[in-house]
1. May I ask you to say which residue of 139, 127, 167, 117 is out of contact with any strand residue (DSSP E or B) (no Cβ under 9 Å at 6 or more places or on another chain) and buried (at least 17 other Cβ atoms within 10 Å of the Cβ)?
2. Out of all the residues in segment 222-240, which are surrounded by fewer than 15 Cβ atoms within 10 Å (Cβ to Cβ) and touching a helix residue (DSSP H, G or I) at 6+ places or on another chain (Cβ under 6 Å)?
3. Please determine, by comparing only the residues of segment 52-76 that are surrounded by fewer than 22 Cβ atoms within 10 Å (Cβ to Cβ) and modelled with pLDDT of 95 or more, which one is farthest from residue 155 (Cα to Cα).
4. Do we find a residue being closer than 19 Å to residue 389 by Cβ and surrounded by 21 or more Cβ atoms within 10 Å (Cβ to Cβ) anywhere in segment 357-376?
5. Residues to consider are 303, 383; find the one that is farther than 18 Å from residue 248 by Cα, under 20 Å from the mean Cα position of the chain (by Cα) and assigned to a helix (DSSP H, G or I).
6. Is it the case, given these coordinates, that residue 22 is at pLDDT 95 or above, touching a helix residue (DSSP H, G or I) at 6+ places or on another chain (Cβ under 6 Å) and part of a helix (DSSP H, G or I)?
7. Can you confirm whether residue 158 is touching a helix residue (DSSP H, G or I) at 6+ places or on another chain (Cβ under 9 Å), more than 19 Å from residue 287 (Cα to Cα) and surrounded by fewer than 18 Cβ atoms within 10 Å (Cβ to Cβ)?
8. Taking the options 149, 94, 138, name whichever one is not assigned by TED's automatic domain parsing to the domain that holds residue 326 and not in a loop (DSSP other than H, G, I, E, B).
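The values are calculated or read from the model by the stated rules, or taken from the named source; none is laboratory data. Since the structure is predicted, the reported quantities are computational estimates derived from the model, not experimental observations. Cβ atoms come from the backbone with ideal geometry, glycine included; neighbour counts cover every protein chain shown.
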């Protein structure tokens, strides 16, 4: 797994982690362990745990009171365990803790198998997926696995009660609009009565539901008034043009290239899908729409280029275009993609709220400044892309 160059985020003591692992895995060698951070640190915290007994991955919520909730961790652990044995590649869950006394971090956490491979966080590693043919297979592998996820019967894997799929899209608009309002007003509320999980908690740990400053200073300067108005207008348009849901499935909630571990020898094989904290039951096209928002391609117009502030290697020669991804997904699932513009626009709205939440919290001094690296001015172009797609613009 690749790592980020970002500043390591505290949240796990090797002594406590080692003691806990030695007990739950029945091997005293785990007591002598070392921890190193994995990933960019904008979501749930992830650590590689190395010991004489081997290596595993530890997951816990972000540090801070607004994120200290058992729901994300419990749900992520549950969905990964449920998908074991399906056509969706996931790490094996080894142990979990509810956050009470005697745990590894003082918060909800779980450990899972360390899956070796490549995670293309910002760019493709040197010497890997070097040909257009390999990149093409890499791109279509993402579609294959997404289609496989959406083909899993939730009841058959014990996830029949994992969410409330009826009214999913309408409830999602309300939920993310509330996240937006909470972030702007520093309400610091982590509850959401319209959550799609049965836990009653919004599971979007990236947005963290607010600035956590409590004094009104968090939002100052992070997003200008004109952009705030456009975010609200996009939410209104989405609520007024709700699509017809064709199928209810397990949805990942943040499916993208850097949430997958690819085989180091075969770029066309995904060895594991990661970061399930936003998963639920709902409309599968929300996963596809958000994947397209992240997806760069050669020849993009200015509206698309301006909206894509997060780095991605998918503009390199050989990667499928967004239109090719859509065609492949439709072929594999049999779903009608005529209303896909709504789902793409919803993806821009959701990501804009997530990024705005990060910016607000950084301005409030609640999280390290490096979490907002490259995000200044990102919200407005994302929202503009949402309007553009709803207006009939290409995607």
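1. Answer to the check: 139.
2. Listed by number, the list holds a single entry, 239.
3. 52
4. There is no residue in segment 357-376 that is closer than 19 Å to residue 389 by Cβ and surrounded by 21 or more Cβ atoms within 10 Å (Cβ to Cβ).
5. Unique residue meeting the criteria: 383.
6. Details: at pLDDT 95 or above: yes; touching a helix residue (DSSP H, G or I) at 6+ places or on another chain (Cβ under 6 Å): yes; part of a helix (DSSP H, G or I): yes.
When the stated conditions are applied, residue 22 passes them.
7. Answer is yes for this residue.
8. One residue alone meets the criteria, 94.
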